[in-house]
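In what follows, a single structure is set out as structure tokens and then discussed.
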Amino acid sequence: MATFVETLAAASQVLGVIKELRDIDKGLSQGELKARMADLYSSVADIRMALADANEELRAKDREIAELKARFEQTSQLVEFRGYQYKAGPDGKPRGKPMCPVCMGDGKHVPLSNILDVMHQCPKCQGNFGLLQEFPG
Ligand SMILES: [Zn+2]
């Protein structure tokens, strides 16, 4: 896999060839000119490949970051209270609304909505869980 350093080196090479072409003596033969152009095409093709590799590398890193973020989210501090998971405050005590236990199975933390103080409902899966305890914060 090409690195950014290699990509930059290839780009410098192309710039060098372009500069040469610009400074070229008009006495340059058709054959020499064609050879320089072939070099240029080849270098541009190298850059294109290197950029494609670098792009794939960046995407892989993005995927890895997203995975790590999701894992961090899953393992971020939760605390159980009467069978439901809540976010834990710095004191380790439950805060806010209970998380949907159904969506938690998919690794998502979805706080349940309090519907008119009658029940708690998941805004995502629409599950109803009766009226549950909420905590400040
Ligand atoms: Zn849910």
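With one equal scatterer per alpha carbon and no solvent term, the Debye-computed log10 I(q)/I(0) for the chain at 0.10, 0.12, 0.20 1/Å reads -0.57, -0.65, -1.09. Note on the chain: helix-only mean residue ellipticity at 222 nm, from DSSP H runs of 4+ residues weighted -39500 (n - 2.57) and normalised by residue number, equals -17500 deg cm²/dmol. With protein chains left intact and a 1.4 Å probe, residues in the chain average 72 Å² of accessible area per residue.
In the complete set of protein chains, residue-level accessible area for Ile115 is approximately 50 Å², probe 1.4 angstrom. Counting only Cβ charges, +1 for Lys and Arg and -1 for Asp and Glu, the dipole size of the chain around its Cα centre is about 500 debye. For Gln85, the residues whose amide H sits under 5 Å from its own are Met99, ignoring neighbours fewer than 5 places away on the same chain, with H placed 1.01 Å from N. Among the lysines of the chain, pairs at least eight places apart or on separate chains and with Cα atoms under 21 Å apart come to 13. Length gained on full extension, Arg82 to Asn114: 9.8 nm, using 0.36 nm per residue less the C-alpha separation. Applying the Karplus relation 6.51 cos²θ - 1.76 cosθ + 1.60 with θ = phi - 60° to region 108-122 yields 3J(HN,Hα) values of 10, 9, 10, x, 6, 8, 7, 9, 6, 6, 9, 7, 10, 10, 7 Hz, where x marks Gly and Pro.
Of the accessible area of region 2-116, computed with a 1.4 Å probe over protein heavy atoms only, carbon and sulfur atoms account for 58 percent.
Of the trypsin sites (Lys or Arg not before Pro) found in region 1-43, those in coil by DSSP whose Cβ has at most 16 other Cβ atoms within 10 Å are Lys26.
Between His120, Gly137, Leu15, the Cα set farthest toward the positive side of the dipole of the chain (charges on each charged residue's Cβ, about the Cα centre) is that of His120. Loop-located trypsin sites (Lys or Arg not before Pro) across region 52-118 with a Cβ neighbour count of 12 or fewer within 10 Å are Arg82, with loop assigned by DSSP.
Label separation (Gln30 vs Glu64): 5.3 nm, computed from points 7 Å beyond Cα along the C-beta direction.
Taking 0.36 nm per residue of separation and subtracting the Cα-Cα distance, full extension of the segment from Asp91 to Glu57 would add 8.2 nm. Within region 77-121, the percentage of alpha carbon pairs spaced more than 11 angstrom apart rounds to 64%.
The values are calculated or read from the model by the stated rules, or taken from the named source; none is laboratory data. Fair warning: this is a prediction, and the values are worked out from it, not measured in the lab. We place every Cβ from the backbone using ideal geometry, glycine too, and count neighbours over all the protein chains shown. In case anyone asks, the SASA skips ligands and DNA or RNA and just uses the protein heavy atoms, side chains included. Shrake-Rupley method; radii C 1.70, N 1.55, O 1.52, S 1.80 Å.
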